[in-house]
Structures are given as C-alpha cells and as structure tokens.
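Reading through the structure tokens given below for one structure.
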Amino acid sequence: MAQYFMIMALRSSDASIVSPLLVLKIPILTAISLILFHDSFELHQYFAITAILLLSWVFSSLSGQIRIRALIFIFAACFCYVLADIATVTLAKTFKAPPIEQAIILNIYNYIAALVFFIPCAFIKKVKLNDMYNCKYVAITWIVSSTLMVIAFNLSGVVSGNIIQSLRGAFGIVIVMMFFKDQIIDHKTKWQTKVTLSLLMTLSVVCFYI
C-alpha cells in the first residue's frame with residue numbers, strides 16, 4: 001500500500017518535490033516509539049529531527065509547490081511505511097540469528113510474498129516478461145537497499161535508521177553534481193542553495209547521534 005500511495009504521489013507531482021517529504025514519517029515513528037515502546041530521546045535529538053523536517057521541506061519547495069492531492073498521498077504512504085518499518089523489525093527479531101542474517105531471511109520471505117501478490121496482478125495488467133527483465137537493475141538495487149535498511153533498523157532502531165535515510169536527498173545532490181554537471185550550469189544559484197541545504201542536513205543528522 002505504501003508503494004501504491006507513493007506512486008500516486010509521484011504521478012500527482014514531481015519526484016524532486018515528493019521524495020524529500022518522505023521524512024514526514026520520522027515524527028510519526030518518533031511519536032509511536034515514545035507512546036508504545038517507551039523510548040526516550042535527548043533534547044538535541046528533538047532539535048535535530050525538527051531541523052531535518054524543515055530542511056526537507058525547503059528542499060521540496062526549491063523544486064516547486066506541492067499539490068494537496070500529492071501531499072495527501074505522501075501522508076498515506078508515510079503512515080504505511082511506518083507500520084511496515086515497525087512490523088519489519090518486530091518480525092526480524094523472531095528469527096534466531098544475528099541481525100544481518102535476520103535481515104536477509106526476512107527479505108527472502110518478503111519478496112516471496114511480494115511475488116505471490118504480483119503474479120495475479122501481472123496477468124490482469126498483461127505484464128510482459130521483457131518488461132520484467134528490463135527492471136532487473138532497479139529490482140537488484142531495491143533488494144540490496146531494503147536489506148541494508150532492515151540491517152540498520154535491527155542495529156540502531158527504526159527512528160535512527162530513518163534519520164540516516166533522510167540523507168538520501170543530500171546523496172541525490174552529490175550524484176547529480178557528479179554525473180549531470182552540464183545541467184547544473186544554467187541553474188547555478190539554485191544548486192548552490194541545494195548544496196548548502198545538503199550540508200546542513202548532514203550536520204543535523206550528525207547532531208542526532210552526538
């Protein structure tokens with residue numbers, strides 16, 4: 001469901017606007033951790049979370065104005081992602097294995113279940129085998145990233161894992177600057193602002209772990 005809502009948000013807006021706002025799941029996770037799991041955070045960690053949220057919103061605003069329809073889909077996606085993150089960690093810990101092996105075992109089960117759900121949809125939508133093959137690199141990257149995220153959740157907790165994940169916008173800026181330099185020249189001022197925001201975002205994440 002989270003992926004469905006995310007796709008609908010992307011269709012309603014632009015990826016550069018939508019993606020930074022996925023950090024909205026951090027305050028939801030924080031609230032659930034405080035209420036249900038009785039976790040505690042230091043004052044500077046609350047400041048770091050607030051800074052990450054504000055910087056992510058500015059990141060999104062630089063690319064354009066978010067539509068209400070897209071924002072609703074983002075909130076729905078974030079809520080589903082939160083439930084998935086909590087369920088993932090809870091289920092992973094039921095396996096009697098080290099954290100890394102738990103993540104691998106869990107993802108194997110996850111993708112077997114995903115395949116079972118996918119097959120009927122593939123027939124209904126008439127998905128071609130060639131289309132599936134063309135998605136191989138995206139699929140491999142997704143499997144690796146999701147496995148690493150589960151490992152991070154297991155080792156440091158769901159909130160901490162998502163704090164680190166909030167840096168993906170900053171990494172996106174670095175990747176664009178490395179491989180798409182020609183496109184940056186015409187919008188130099190805007191990209192300088194994005195680099196500054198990326199550095200501030202990184203400092204906020206570091207502040208959370210101090």
### Message
Can you pull out every residue in segment 24-44 that is buried (at least 17 other Cβ atoms within 10 Å of the Cβ) and either of a type in the set (D, E, K, R) or more than 11 Å from Val159 (Cα to Cα) (or both)?
### Response
Leu24, Lys25
#### Entry: Every residue from segment 84-96 that is among the hydrophobic types (A, V, I, L, M, F, W, C), surrounded by fewer than 21 Cβ atoms within 10 Å (Cβ to Cβ) and touching a residue at least 60 places away in the same chain (Cβ under 8 Å)
Ala84, Ile86, Val89
### Task
Check Ile105, Ile66 and return the single one that is at pLDDT below 85, more than 18 Å from Ser166 (Cα to Cα) and surrounded by 13 or more Cβ atoms within 10 Å (Cβ to Cβ).
Ile66
### Of the criteria (1) among the hydrophobic types (A, V, I, L, M, F, W, C); (2) outside any helix (DSSP H, G or I); (3) at pLDDT 85 or above, which one Leu83 fails
(2)
### Message
Under 9 Å between Cβ atoms, which residue pairs at least 6 apart in sequence (or on different chains) link something in segment 97-109 that is without any contact (Cβ under 8 Å) to a residue 24 or more places away in the chain with a partner that is assigned to a loop (DSSP other than H, G, I, E, B) and hydrophobic (A, V, I, L, M, F, W, C)?
### Response
Glu101/Phe95; Ile105/Phe95; Ile105/Ala97
### Query
Scanning for something in contact with a Pro (Cβ under 8 Å, 6 or more places away or on another chain), assigned to a helix (DSSP H, G or I), surrounded by 13 or more Cβ atoms within 10 Å (Cβ to Cβ) and at pLDDT 90 or above, does segment 49-56 turn up at least one residue?
yes
### Query
So is Ala114 more than 22 Å from the chain's Cα centre (by Cα) and either at positive phi or surrounded by fewer than 16 Cβ atoms within 10 Å (Cβ to Cβ) (or both) or not?
no
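Residues checked against (1) in a loop (DSSP other than H, G, I, E, B); (2) closer than 24 Å to Ala31 by Cβ; (3) of a type in the set (Phe, Trp, Tyr):
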{"residue": "Phe75", "(1), (2), (3)": "no, yes, yes"}
{"residue": "Leu91", "(1), (2), (3)": "no, yes, no"}
{"residue": "Thr94", "(1), (2), (3)": "yes, no, no"}
{"residue": "Ile100", "(1), (2), (3)": "no, no, no"}
{"residue": "Ala103", "(1), (2), (3)": "no, no, no"}
#### Entry: Given (1) within 30 Å of Ile173 (Cβ to Cβ); (2) more than 22 Å from the chain's Cα centre (by Cα), number of the condition Phe123 does not satisfy
(1)
### Query
Mind checking whether some residue in segment 185-204 is over 19 Å from Ala15 (Cβ atoms), in a helix (DSSP H, G or I), among the hydroxyl-bearing types (Ser, Thr, Tyr) and touching a residue at least 60 places away in the same chain (Cβ under 8 Å)?
yes
### Message
Looking at (1) more than 17 Å from the chain's Cα centre (by Cα); (2) farther than 18 Å from Gln165 by Cβ, which one does Ile32 not meet, given that it meets all the others?
### Response
(2)
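The values are calculated or read from the model by the stated rules, or taken from the named source; none is laboratory data. Please read all numbers here as calculations on a predicted model, not as lab measurements. Reconstructed Cβ throughout: ideal geometry from the backbone, glycine too, with neighbour counts over all protein chains shown.
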